Amino acid sequence: MEPLWALGLMSGTSLDGVDAAWLRTDGQKIIDIGSGVVVPYPHPLREKIRSILGVKDITMEVKDVERELTLFHAQVAKQAIQQIKGQYSIDIIGFHGQTIYHAPPITRQIGDGELLAREVDIDVIYDFRTADVAKGGQGAPLVPIFHEAMVAGDNPEAILNVGGVANVTWIHKDQPLMACDTGPGGALLDDWILRKSGQPYDQDGQLGAQGRADEAVIQQWLTHPYFRKGVPKSLDRSDFSLFINEIEGFSLVDGAATLVEFTARCVVHALTQMPTKPEKLYVTGGGRRNKHLMKRLVSLASCPVDTVEALNWDGDLLEAYAFAYLAVRVKAGLPTSFPTTTGAAHPMSGGRCAIARS
């Protein structure tokens with residue numbers, strides 16, 4: 001297929017907002033990487049989304065939030081289109097939507113692809129996970145094939161995305177791509193900070209760095225059945241949410257330190273489930289800005305650790321680029337998930353296409 005310019009729209013489990021980024025690809029090779037924008041959710045919309053997390057049925061309330069969320073994505077898409085000002089053609093949009101519930105065989109990402117296509121007058125690929133789940137897959141993580149396309153080295157490497165949930169991709173040129181969700185990313189920590197201080201997150205990891213992690217609590221948490229499962233495997237944002245109640249009596253900083261340490265230990269555990277240790281671990285997503293988390297990963301991982309900026313990648317926009325890439329793969333009929341990344345029975349091309357009417 002001839003290369004296309006695609007716009008990826010990503011809104012993750014951290015509930016930060018919408019990332020939009022341009023990428024040119026034929027669905028296999030990445031030809032060009034364009035610009036992008038990061039637009040925070042307005043506070044009222046973020047709270048509406050938060051209010052329906054964990055809801056697996058499509059109620060009228062969910063539909064109302066879905067419409068508002070989709071129209072916000074349309075505004076962001078128009079902003080991204082204005083940003084390029086005719087520098088390149090606009091061929092397709094990859095629209096992740098917002099995950100509100102994930103417990104395969106049920107997964108719910110809200111986002112009306114048909115409405116978005118009408119609003120921006122561009123074809124939209126959306127609903128990336130349903131087909132994979134229908135064939136026995138986890139429906140997540142979906143970004144590994146993009147990570148593989150971006151990595152050019154010959155040695156095994158790992159890409160860790162720390163959003164609300166953290167996931168890792170293990171890449172080796174001579175072996176199948178492997179991936180899984182490792183455990184909580186920033187979601188538990190953000191919820192803890194919000195509950196205890198009213199602030200949305202721990203700026204630069206300053207609070208966690210001041211606290212003392214409770215080793216006994218962490219060891220107890222690591223007995224959770226999830227950590228006995230093999231790879232691939234995936235999580236919902238809320239799968240460990242009750243753990244916060246177990247540290248209710250902790251100080252703000254000690255709770256933050258304990259949650260950060262748990263996140264780091266989960267990553268290290270996931271790396272032990274890969275065929276070999278990576279030569280290097282590269283970290284992307286909002287979690288890479290948490291200096292305390294990065295320090296703990298450097299200390300605990302059995303390999304060097306750095307942010308993806310060391311590869312000249314933009315860690316704020318990487319998942320948006322990924323869904324631009326996946327949209328073109330879907331259009332080309334190429335697989336977006338694999339038995340070793342989601343557990344599907346065979347390589348799957350997910351996604352539905354909403355056709356612009358003009």
So which residues in the stretch 164-189 are surrounded by fewer than 22 Cβ atoms within 10 Å (Cβ to Cβ) and of a type in the set (D, E, K, R)?
LYS173, ASP174
Got a sec? Which of THR336, THR342, THR307 is open to solvent by less than 50 Å² (accessible area, probe 1.4 Å) and without any contact (Cβ under 8 Å) to a residue 60 or more places away in the chain?
THR307
VAL298 passes all but one of (1) without any contact (Cβ under 8 Å) to a residue 12 or more places away in the chain; (2) within 23 Å of LEU194 (Cβ to Cβ); which number fails?
(2)
Do we find that ILE122 is touching a strand residue (DSSP E or B) at 6+ places or on another chain (Cβ under 7 Å), in contact (Cβ under 8 Å) with a residue 40 or more places away in the chain and open to solvent by 10 Å² or more (accessible area, probe 1.4 Å) in this structure?
yes
Of the residues in the stretch 88-101 that are open to solvent by 10 Å² or more (accessible area, probe 1.4 Å) and of a type outside the set (A, V, I, L, M, F, W, C), the one that is farthest from LEU23 (Cα to Cα) is TYR101
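Let's see how each residue does on (1) hydrophobic (A, V, I, L, M, F, W, C); (2) at pLDDT below 95; (3) more than 18 Å from the chain's Cα centre (by Cα):
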site: ILE84; (1), (2), (3): yes, yes, yes
site: GLN87; (1), (2), (3): no, yes, yes
site: ILE92; (1), (2), (3): yes, no, yes
site: ALA117; (1), (2), (3): yes, no, yes
site: ASP121; (1), (2), (3): no, no, yes
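For (1) within 18 Å of VAL162 (Cβ to Cβ); (2) open to solvent by 30 Å² or more (accessible area, probe 1.4 Å); (3) out of contact with any strand residue (DSSP E or B) (no Cβ under 8 Å at 6 or more places or on another chain); (4) in a helix (DSSP H, G or I), each residue gets a yes or a no:
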site: LYS196; (1), (2), (3), (4): no, yes, yes, yes
site: LEU207; (1), (2), (3), (4): yes, yes, yes, yes
site: ARG212; (1), (2), (3), (4): no, yes, yes, no
site: ALA216; (1), (2), (3), (4): no, yes, yes, yes
site: GLN219; (1), (2), (3), (4): no, yes, yes, yes
site: THR223; (1), (2), (3), (4): no, yes, yes, no
site: ASP236; (1), (2), (3), (4): yes, no, no, no
site: PHE240; (1), (2), (3), (4): yes, no, no, no
Pair list, Cβ < 8 Å and 6+ apart or interchain, from the stretch 215-232 residues that are closer than 24 Å to PRO275 by Cα to residues that are of a type in the set (D, E, K, R) and at pLDDT 95 or above
LEU222/ARG265; TYR226/LYS233
Cβ-Cβ below 6 Å, separation at least six or inter-chain, first residue in the stretch 87-115 and under 12 Å from ALA140 (Cα atoms) and in contact (Cβ under 8 Å) with a residue 60 or more places away in the chain, second open to solvent by 10 Å² or more (accessible area, probe 1.4 Å) and β-branched (Val, Ile, Thr): which pairs?
THR99/THR13; PRO104/VAL133
Condition test on THR182, is it part of a helix (DSSP H, G or I) and either at pLDDT below 95 or of a type in the set (Ser, Thr, Tyr) (or both)?
no
Only one of THR70, THR59 is of a type in the set (S, T, N, Q), within 21 Å of TYR126 (Cα to Cα) and crowded, with 16+ Cβ neighbours inside 10 Å, namely THR70
Apart from one, (1) open to solvent by less than 40 Å² (accessible area, probe 1.4 Å); (2) touching a helix residue (DSSP H, G or I) at 6+ places or on another chain (Cβ under 9 Å); (3) among the small types (Gly, Ala, Ser) all hold for SER51; the odd one out is (1)
For a quick check of your reading: which strands (runs of 3 or more DSSP E) sit entirely within the stretch 261-358 and have at least 3 residues that are under 26 Å from GLY27 (Cα atoms)?
280-284, 352-354
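The values are calculated or read from the model by the stated rules, or taken from the named source; none is laboratory data. This is a predicted model, so every value here is computed, not measured. Note that we place each Cβ from the backbone using ideal geometry, even for glycine, and neighbour counts take in every protein chain shown. Ligands, DNA and RNA are excluded from the accessible area calculation, which covers all protein heavy atoms including side chains. Shrake-Rupley method; radii C 1.70, N 1.55, O 1.52, S 1.80 Å.
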